[in-house]
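Asker: I have a structure I would like to understand better, so I am pasting it below and will then ask my questions one at a time.
A short reminder: the numbers here are calculations on the coordinates, not readings from a lab. Predicted model only: the values in this text are computed from it and were never measured. As a convention, Cβ positions derive from the backbone with ideal geometry for all residues, glycine included, and neighbour counts pool all protein chains shown.
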Amino acid sequence: MSVSGSRHLQALLGSLGRLARNPLATALTLLVIGLALSLPTALRLFVTNVQAATGGFTSAVDLSVYLKTDVALAKAQQLARSARERPDVAEVTLIPAEQALQEFRRYSGFGAALDALQDNPLPHVLHVQPRSDAQSPAAVESLKRYLAAWPEVDLVQVDTEWVRRFNAILDVVRRLLIIAATLLGAGVLAVIGNTIRLEILNRRAEIEVTKLVGGSNAFVRRPFLYTGVLYGFGGAVLALAIVEAAVLVLGQSIATLAQLYGSRFALQGPSLDDTGILLGAGVVLGWLGAWISAARHLRSIEPRA
Amino acid sequence: MILFDRVSKRYPNGREALTSVSFQIHTGEMVFLTGRSGAGKSTVLKLIALLERPTRGIVTVGGRNTGSLRPRHVPAFRRQIGVVFQDHKLLADRPVFDNVALPLVVAGTPFRDIGKRVRAALDQVGLLGRERMLPMELSVGEQQRVGIARAVVSKPPLLIADEPTGNLDPDLALEVMRLFRRFQDVGVTVIVATHDLHVVHEFGQRAIVIENGQIQGDANDHLPSVIAVR
C-alpha cells in the first residue's frame, strides 16, 4: 500500500476507534441522522409504490360506453366489433349486463336487494381504450363524440379527469419529497457539523500539538472528515434498516388490501438505485458537514508556546 | 543558521516584547538565552518556530526569511525544528510511543520506520521500555525527556527549548542539559531559553542575555556583568 493510502487507512481506523470508544454518543448521533434520512427515503418509496400500484391506469385513458338498456347482447357484440375496427382504438372490452350484475352482486353486498328486482337494471358496457398515439384530449374528445353519436349509446364517460387529479396529487407528494429531503439534508449537515465542532473543541490540545510538530491543515482535518463520512454512512445504513423494517411490517397488510381490490400489488422495498442514492447522500452530507465545520474551527486553533 | 536583524515584536495588547534585537547563531552552536522571565526569551523562540511573526525586522532561519514564508509552507518549516516546552505539551491520553511518533506520522514517515526511530529516540533520552506507559505514569523529569524525544525523533537540524528545566530539581536539570549537549555533539543547533543561571554557569556555553526586550550581553564562557552583579 502506498504511503498516502496507509495514511488514509490510519485516519479511517482512528476515527472508527474514537467512535467506538463513545458508543452511546455515537449511537445517539447515528439515530438522529438515521431518522432524518429515513423520512425522505420513506416518502420516495411511497411515491414509487403508488406509481407501481396504479401503473396500469395512471397513463391510460379509458372510455366507458354505456349502451341503452334495451340493446340486445348480439347488437352490443356487433358494436364492439365495429368500434375495434377504428384505427384510433387499441382495445375494446365488452362487459355484458349479466356479467356486470353478477360482479355487482358479488362485491357490493346488495345481493338480496338485487334479487328483488325483476329485470337487470344494468346496461351492456363497452370499455374502449384508445391507441397510445390517440390519447390527446382532442383525439379522445372526437372519439367520444363519434361513439356517442351511435343510436344505441346512452352515455360515454371519459375517465381522464380523475387520472389528471391523481397525477397532480402525486406531483404534490413528489414536491413535498424534494422539500423534505432538502430540509432534512440540511438538518443532517447541521447535526454532523455540530458533532464535529464539539470533537474539535475536545481535541484542541491534540490539534495544537499536531500543528506544532508540523502537521498540515490537511493532516489535522483528515480524521474529522472520516468521522463525518462514517456518521453519514452509518446514519444512511440505519435509515435503510428503518425503512426496510417498515416495509416488512406493512408488507403483509398492504398485500391483503391489494388483494381485496383484485390487485396482485406487493409493497416494494428500496431498490438498488434507492439504496445507492441513500448511502451516497449520507456519505456526501457527512463529508460536507465535517468539512464546513473543520474549515471553520480548525483555522482558529493555532499552537502557542 | 539563525539571524535576527533589528527584530521588534509588539503583541496585540500593546506590550513590546522585543525592541530592535539583532544576533546570529551558527549551525552546530549551542546557545543559552537567558534573562528574567518576561524579558523576551520566549518571544525569540516563538519567532524562530514561526509561532509568532515579527512586527519589524527580519528573522532568518536556515537561510530562509521567515517573513516571506506562506502559511501553507509553515508546517513543512516547523518539521525542521524540534521544540521542547516547559510544560512539555504531551498528549495525556496517548502512550509515550504515540507522543514521540507524532512528528514522524505528521511527516508521512513509512510505518515500518516509525517504530525503529521512536525506540532510538527513547533510547537517547534513557526511556527505552516505557513506550506503552501514559505520560501521567511517568515522573516530571521523565515526561520532560519524552518531550525531548519527540523533539528529536525526526532528527531536525535545529532544536529549541523553552525553560526545559523549569520544573526540575538541579540534578535533573543538569541531566537534561547534558542531553541537549549530546545533540549538539552530533551537529544539531541547540537554543535553550532558561533563567537558571546555575545551569548556564555549569555549561559555560555562549549565553545571550535579554532584559526588557533588548540584548544586554552576548558572551562565551563567562557571564556578562549585568548578570554577575545580580
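Asker: Give the dimensionless ratio obtained when the Cα radius of gyration of region B:1-102 is divided by 2.2 N^0.38 Å. Please report the intermediate quantities before stating the final value.
Answerer: Working: Rg = 15.0 Å, N = 102, 2.2 N^0.38 = 12.8 Å.
Taking the Cα Rg and dividing by 2.2 N^0.38 Å, one obtains 1.17.
Asker: Note down the relative contact order for chain A as a percent, whole number, built from C-alpha pairs under 8 angstrom at least six residues apart.
Answerer: Working: 370 pairs, mean separation 86.6, N = 305.
28 percent.
Asker: Plugging the Kirkwood radius over Cα pairs into Stokes-Einstein for the protein assembly as shown, at a temperature of 37 °C and a viscosity of 0.692 mPa s, what D comes out in µm²/s? Before the final figure, lay out the partial values.
Answerer: On the way: Rh = 30.3 Å.
Stokes-Einstein gives a translational diffusion coefficient of 108 µm²/s.
Asker: Nearest 20 debye, what's the magnitude of the dipole of region A:63-188 about its Cα centre given +1 on Lys and Arg Cβ and -1 on Asp and Glu Cβ? Intermediate values should be presented prior to the final figure.
Answerer: Working: 14 positive and 15 negative charges, 78 e Å.
Charge dipole of region A:63-188: 380 debye, to the nearest 20.
Asker: For chain B, take the longest principal axis of its alpha carbons; what is the angle in degrees between that and the long axis of helix B:96-107, to the nearest 10 within 0 to 90?
Answerer: Orientation of helix B:96-107: about 70 degrees from the principal axis.
Asker: With a length cut of 15 Å (Cα positions projected on each helix's long axis) and a Kyte-Doolittle mean of at least 0.5, go through chain A and give me the DSSP H helices that pass.
Answerer: Details: long enough: A:3-21 (27 Å, 0.16); A:23-53 (41 Å, 1.49); A:73-85 (18 Å, -0.72); A:97-108 (16 Å, -1.24); A:137-148 (16 Å, 0.13); A:161-202 (61 Å, 1.03); A:217-260 (63 Å, 1.27); A:272-298 (38 Å, 1.01).
Helices passing the filter in chain A: A:23-53, A:161-202, A:217-260, A:272-298.
Asker: Now for a different question. Under 28 Å between alpha carbons, and skipping anything fewer than 8 positions from A:Lys68 in its own chain: which lysines qualify?
Answerer: Correct list for A:Lys68: A:Lys144.
Asker: Give the residue from A:Val284, A:Gly235, A:Leu201 lying farthest towards the positive end of the charge dipole for region A:200-305; charges sit on Cβ (+1 for Lys and Arg, -1 for Asp and Glu) and the dipole is referred to the Cα centre.
Answerer: The listed residue farthest towards the positive side: A:Leu201.
Asker: Within a Cβ distance under 15 Å of A:Gly5, other residues only, what is the Lys/Arg minus Asp/Glu net charge? Walk me through the numbers on the way to the answer.
Answerer: Numbers: positive: A:Arg7, A:Arg222, B:Arg112; negative: none.
That works out to +3.
Asker: Right, next: Please identify, among A:Trp162, A:Trp287, A:Trp150, the residue showing maximal mean-square fluctuation in a Gaussian network model of chain A using a 10 angstrom Cα cutoff.
Answerer: Ranking A:Trp162, A:Trp287, A:Trp150 by mean-square fluctuation puts A:Trp150 first.
Asker: Between B:Arg94, B:Arg70, B:Arg181, where does the largest GNM mean-square fluctuation fall for chain B, given springs only between Cα atoms within less than 10 Å?
Answerer: Taking springs between Cα atoms under 10 Å, the residue moving most is B:Arg70.
Asker: Would you work out the relative contact order for region A:147-305, in percent, from Cα pairs under 8 angstrom that are 6 or more residues apart? Show your work: numbers first, answer last.
Answerer: Values: 130 pairs, mean separation 55.9, N = 159.
Once divided by the residue count of region A:147-305, the mean separation gives 35 percent.
Asker: Using only Cα atoms, what Kirkwood radius does region B:98-230 have, in angstroms?
Answerer: Values: mean 1/r = 0.0620 Å⁻¹.
Computed over region B:98-230, the radius equals 16.1 Å.
Asker: Right, something else. With a Förster radius of 56 Å, plug the Cβ-Cβ distance of B:Glu29 and A:Arg21 into 1/(1 + (r/R0)^6) and report the FRET value to the nearest 0.05. Don't jump to the answer; show the numbers that get you there.
Answerer: Values: r = 46 Å, r/R0 = 0.82.
Efficiency, rounded to the nearest 0.05: 0.75.
Asker: Shifting gears a bit: If the cut-off is a Cα-Cα distance under 17 Å, which lysines reach B:Lys46, setting aside same-chain residues fewer than 8 apart in sequence?
Answerer: Partners within reach: A:Lys211, B:Lys9, B:Lys89.
Asker: Where does the Debye-calculated log10 I(q)/I(0) of chain A sit at q = 0.09, 0.14, 0.15 Å⁻¹, using only Cα point scatterers of equal weight, no solvent?
Answerer: Log10 of I(q)/I(0), two decimals: -0.67, -1.07, -1.15.
Asker: If a/c stays under 1.5 just call it rounded; otherwise compare a/b with b/c (prolate if a/b is bigger, oblate if not). Do that for region A:50-166, with a ≥ b ≥ c from the square roots of the Cα gyration tensor eigenvalues. Could you put the intermediate results ahead of the total?
Answerer: Values: a/c = 2.32, a/b = 1.31, b/c = 1.77.
Oblate shape, in that a/c is at least 1.5 and b/c is the bigger or equal ratio.
Asker: For region A:131-287, what does the equivalent ellipsoid look like in terms of its semi-axes, each the square root of 5 times an eigenvalue of the Cα gyration tensor, given largest first in whole Å? It would help to have the intermediate numbers written out before the result.
Answerer: Details: eigenvalues 635, 76, 27 Å².
Values for region A:131-287, descending: 56, 19, 12 Å.
Asker: Now for a separate question. So what's the net charge close to A:Ser38: Lys and Arg +1, Asp and Glu -1, counting the other residues with Cβ under 13 Å from its Cβ?
Answerer: Numbers: positive: A:Arg44; negative: A:Glu244, A:Asp274.
Summing Lys/Arg as +1 and Asp/Glu as -1 gives -1.
Asker: Among residues other than B:Pro170 whose Cβ falls under 14 Å from its Cβ, what is the net charge (Lys/Arg +1, Asp/Glu -1)? Intermediate values should be presented prior to the final figure.
Answerer: Numbers: positive: B:Arg178; negative: B:Asp169, B:Asp171, B:Glu175, B:Asp196, B:Glu202.
Counting the neighbours of B:Pro170, the net charge comes to -4.
Asker: What distance in nm separates the simple spin-label points at A:Ala72 and A:Arg105, each placed 7 Å from Cα in the Cβ direction?
Answerer: With each label point 7 Å from Cα toward Cβ, the separation is 2.4 nm.
Asker: Relative to the first principal axis of the alpha-carbon coordinates of chain B, what is the inclination of helix B:111-124, with its axis defined by its Cα atoms, in degrees from 0 to 90 and to the nearest 10?
Answerer: 60 degrees
Asker: Is region A:97-203 best put as rounded, prolate or oblate by its Cα gyration tensor, with a ≥ b ≥ c the root eigenvalues, rounded for a/c under 1.5, and otherwise prolate when a/b is larger than b/c, oblate when not?
Answerer: On the way: a/c = 6.74, a/b = 2.36, b/c = 2.86.
Oblate, because a/c is 1.5 or more while a/b does not exceed b/c.
Asker: Okay, moving on. Under 20 Å from the Cα of A:Lys75, which aspartates and glutamates turn up, not counting those fewer than eight places away in the same chain?
Answerer: Those aspartates and glutamates meeting the cut-off are A:Glu85, A:Glu91, A:Glu98, A:Asp119, A:Glu152, A:Asp154.
Asker: Report relative contact order for chain B in percent, whole number only (criteria: Cα-Cα under 8 Å, sequence separation at least 6). Walk me through the intermediate numbers first.
Answerer: Working: 427 pairs, mean separation 64.5, N = 230.
Value for chain B: 28 percent.
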